[in-house]
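The next block holds one structure in the form of structure tokens; read it before the comments.
The values are calculated or read from the model by the stated rules, or taken from the named source; none is laboratory data. Since we're looking at a predicted model, the values are computed, not measured. Using ideal geometry, Cβ is built from the backbone for each residue, glycine included, and neighbour counts are taken over all protein chains shown. For accessibility, only protein heavy atoms count, side chains too; no ligands or nucleic acids. Shrake-Rupley method; radii C 1.70, N 1.55, O 1.52, S 1.80 Å.
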Amino acid sequence: MSELPDHGQLNCRICFESDSPIIRPHSKWIVRNDPGSWGSKTPDIVVLGFSKGATQSDIYQNGSFDDVAFGSDETRRNLTNILRRAKLLLPSETSDEKIREAEEEFSFGSLVRCSCARLDEKESARKGRDVYKTSGQLIVKSFSEIPKIIDNCSKMYLVDLPSSVKLVCFLGVTDAYIKNCKSLMRSLYPNGFKEINGIAYKTNQFLCVHLTHPSKGNGTIDAWLNTDVANPTESTRKIASAKKREMAINTIEENSLARS
């Protein structure tokens, strides 16, 4: 792939055998055909969530395309703070400025370009109706329950990335998510693949680093952004988040990718 797709909605139906906009690749999963790409076709940095949340999917159907990626004021603010903390945005820059067609350095998307949602059995039982979730611990189940969806999308949009790409940022720092993404990237780039630390690995071409997810449902954002790893009064959980942040920053700096 010499270039990533153009900024805009994508005409991709590799997982969809009929004209229906929705498929059920597993009894507990729903996938909506709404793939997209944001930003540069030849970026230095690629930022990937897992898939669109419900808010983003609704905007894709009814709103402005530029508002879809990480859509909501709070999520965009969180993403700005995360990328600044990781030294990938200057203090004067925001994610809103980067998620646009004229962007040259960044590309934004998701591991699965379409929208995926999984049945939450506990919440469904509590409410007496089917409740589907697009984030949280349920998403890790995708790697075992809908592997064909992930396989199709990763082979379409992550194999043979443009030579300009120096860094791929995966948003999500749970150990299980990191493990599965690492295994996926190793399968796509077996030659020269190397683990660096608990949140980073690399191929012959580019570095991969995991950063915390900007979703407002992520309860560890503040700890990842602000906890002092040397503070003995902080909880073990907060320190663990802060250590992952420090590993990310150090790895980005050591690879000469920091911008602030």
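Quick notes on this structure:
- Of the peptides 205-214, 44-53, 219-228, the ranking by mean beta-carbon count within 10 Å, highest at the top, reads 44-53, 205-214, 219-228.
- Close amide H pairs (under 5 Å, H built 1.01 Å from N) link Arg100 with Gly39, residues at least 5 positions away or on another chain.
- A simple charge model with +1 on the Cβ of Lys and Arg, -1 on the Cβ of Asp and Glu and nothing else charged puts the dipole of segment 105-153 at about 220 debye relative to its Cα centre.
- Here's the picture: charge each Lys and Arg Cβ at +1 and each Asp and Glu Cβ at -1 in the chain, and of Trp29, Gly8, Ser215 the one pushed furthest to the positive end of that dipole is Trp29.
- Dipole of the chain, positive end: most advanced residue of Leu48, Thr174, Thr134 [Cβ charges, Cα centre]: Thr174
- Just checking the listed ones, Ser154, Ser187, Ser110: in the Gaussian network model of the chain with Cα springs under 10 Å, the one fluctuating most is Ser187.
- Between Asp160, Asp19, Asp58, the Gaussian network model of the chain with springs among Cα atoms under 10 angstrom shows the greatest mean-square fluctuation at Asp19.
- Lys, Arg +1 and Asp, Glu -1 on Cβ, resulting dipole of the chain about Cα centre, debye, nearest 20: 960 debye
- Stretching the chain fully between Ala54 and Ser144 yields a gain of 30.2 nm (0.36 nm per residue, less the alpha carbon separation).
- Note on Ile22 and Glu101: their simple-model spin labels are 3.1 nm apart, each label 7 Å out from Cα toward Cβ.
- Efficiency of FRET from Cβ geometry, Ser64 and Ala125, R₀ 51 Å, rounded to 0.05: 0.85
- Charge dipole magnitude, Cβ of K and R +1, D and E -1 - segment 38-135, Cα centre, debye nearest 20: 520 debye
- Net lengthening on full extension, Arg77/Phe193 (0.36 nm per residue, minus Cα-Cα): 38.4 nm
- Over segment 100-147, relative contact order from alpha-carbon pairs under 8 Å, at least 6 apart, %: 28 percent
- Residues whose amide H falls under 5 Å from that of Ser107, counting only those 5 or more places apart or on a different chain, are Ser40, Ile45, Val46, Val47, with hydrogens built in the peptide plane.
- For Leu88, nonlocal amide neighbours, meaning residues 5 or more places apart or on other chains whose placed amide H falls under 5 Å from its own, are Arg259.
- Based on DSSP H segments of at least four residues, each scored -39500 (n - 2.57), the chain has a per-residue ellipticity at 222 nm of -9500 deg cm²/dmol.
- Rounded to the nearest 10 Å², the accessible area of Met156 at probe 1.4 Å: 80 Å²
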